[in-house]
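The values are calculated or read from the model by the stated rules, or taken from the named source; none is laboratory data. Predicted model, so just to flag it, every value in this text is computed and none were measured. Note that we place each Cβ from the backbone using ideal geometry, even for glycine, and neighbour counts take in every protein chain shown. For accessibility, only protein heavy atoms count, side chains too; no ligands or nucleic acids. Shrake-Rupley method; radii C 1.70, N 1.55, O 1.52, S 1.80 Å.
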Amino acid sequence: MLTEVKQHLWLLWLYFKFNLSASMEYRGSFLLQVFGMVLNNASFIFFWWIIFGRTGSIKGYQFEDILYMWAISTAAFGFAFVVFGNIRNITNIIVNGDLDSYLLQPKDVYLNVLCSRTMISAWGDLAYGFVLFVMVDGLHPLRLLLFLFFTVLGGLLMGSVIAAAETLTFFIGNASAIGRLATEFLISFTVYPESIYKGLVKWILYTLMPAGFIVFIPIKILKAFSWSNLGILLVIDGIYVLGTYTLFQKGLKRYESGNLITTKL
């Protein structure tokens, strides 16, 4: 089991290096997309700065809380789409029969599908999240390490939810619309204060679209460290990651080949 985990981590690292080198082949385009995403995210912070300049606070949330929220959410999104850049393409890969080429490879199909591509603009989200956190919190090694931990956990959780939505294609046909909705809902839920959500929406926030575990509990831990909350994050992440992996494996058994004879080298 331990050997298999090491092999998967090594595969992730190899894909990461390959995708980065491929992206940097056109360095000007890469930097332009990254800088463009940084500017895009910064424009939203400017919007919140204006709002808090007029209101002072929003249902207990201060401007600093918004900065933490945006730092974690953008970094988590960036991590998910930098490392698992094919998340949003799972439906197309299944529908077009492109999964055949992955089935020919000896490594885990699910991991191969997710990691074989990166999203260049997501590097901007990842960089922006870390820069924003340092601007708000300073360069404290332990807290920066904790933020990195939240980035990885949040990225895994976000990626799992989106991948699960896309994987439904195995069972109900083209689920790209569900995948888009899952992505948009997750992004929306993670960039607004938790206190504005009530009732059913609050329930969804910690179940179907677990933005609460991606952003809001990490903020609580940053403000007042809690081992119990940290343990909850680890358990929830494990449940979603393993659940999505199991769903994909079950769906793979229903897959009908697209009769492609090409393979990826």
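The table below lists the values:
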quantity	calculated
Estimated FRET transfer efficiency (Glu184, Ser21; beta-carbon r; R0 45 Å; 0.05)	0.90
Given 10 as the ceiling on other Cβ atoms within 10 Å, longest exposed-site-free region of the chain for trypsin sites (Lys or Arg not before Pro) in DSSP loops	60-197
The chain - percent relative contact order, Cα under 8 Å, separation 6 or more	26
Sites Asn92 and Lys6, calculated FRET efficiency, Cβ-Cβ separation with R0 41 Å, nearest 0.05	0.85
Accessible area expressed per residue, the chain, with surrounding protein chains retained (probe 1.4 Å, Å²)	52
Charged-residue dipole, Cβ positions (Lys, Arg, Asp, Glu), the chain about Cα centre, Debye nearest 20	200
His140/Arg54 FRET efficiency (R0 30 Å; Cβ-Cβ; nearest 0.05)	0.45
Helix-only [θ]222 nm of the chain, DSSP H runs n ≥ 4, -39500 (n - 2.57) each, per residue, nearest 500	-24000 deg cm²/dmol
Crossing angle, helix 63-83 versus the chain [Cα axis fit, 0-90 degrees, rounded to tens]	10
Within the accessible area of the chain (1.4 Å probe), percent carbon and sulfur	68
Between the stretch 92-111 and the stretch 46-85, the Cα center-to-center distance that results, in Å	36
Label-to-label distance, nm, for residues given as Leu103 and Asn174 (7 Å Cα→Cβ offset)	2.2
